[in-house]
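Student: I have a structure here, written as structure tokens, and I will follow up with some questions on it.
Bear in mind that the values in this text are calculations on the coordinates, not laboratory data. Keep in mind that this is a model prediction, so the values were computed, not measured. Every residue, glycine as well, gets a Cβ built from its backbone with ideal geometry; the counts of neighbours run over all protein chains shown.
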Amino acid sequence: MSGFNEREKGFEKKFERDQENAFKIVARRNKLLGAWAAGKLGLSGDEAEAYAKAVVVADFEKPGDDDVLQKVLGDLSAKGVAATERDVRQQMDALLQVAREQIGGQG
């Protein structure tokens, strides 16, 4: 019976690590998206860094990516930057792969 319990605990640890890794990847993607949007908004330096962090925080408002999408799209639209939902989603998809590579390279 102890072999089964050890295996179960191993699966639980793997699931925990996978969830933590997924969280880190999405947070990194959101920070990269914030940096991309900051450039479009004409922000640089500390302002750009603060904006990127605000995009990361926006993801905690509700489950899924819609909160991040709406923040970035709304901010771009408010500044008169031409961007569609599709543009932002494509950027999110591209940056997700970059984030996976960056986080994967750390572990």
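Student: Hey, can you tell me all the residues within region 39-66 that are of a type in the set (D, E, K, R) and crowded, with 16+ Cβ neighbours inside 10 Å?
Tutor: LYS40, ASP59, ASP65
Student: Identify, by number, the condition in (1) among the hydrophobic types (A, V, I, L, M, F, W, C); (2) assigned to a loop (DSSP other than H, G, I, E, B); (3) within 21 Å of ARG100 (Cα to Cα) that LEU43 doesn't meet.
Tutor: Looking at each condition in turn, LEU43 falls short on (3).
Student: Of all residues in region 3-38, count the ones that are loosely packed, with under 12 Cβ neighbours inside 10 Å and of a type in the set (Gly, Ala, Ser).
Tutor: 2
Student: Sort out which residues of region 36-69 are among the basic types (Lys, Arg) and in contact with a helix residue (DSSP H, G or I) (Cβ under 8 Å, 6 or more places away or on another chain), and write them in order of number.
Tutor: Matches in region 36-69: LYS40, LYS53.
Student: Further question on the same structure: Give all pairs with beta carbons closer than 6 Å in which a residue from region 73-95 that is under 16 Å from ALA58 (Cβ atoms) and touching a residue at least 60 places away in the same chain (Cβ under 8 Å) meets a residue that is surrounded by 15 or more Cβ atoms within 10 Å (Cβ to Cβ) and of a type outside the set (D, E, K, R); count only pairs at least 6 apart in sequence or on separate chains.
Tutor: From region 73-95, the pairs are MET92/LEU33; LEU95/LEU32; LEU95/LEU33.
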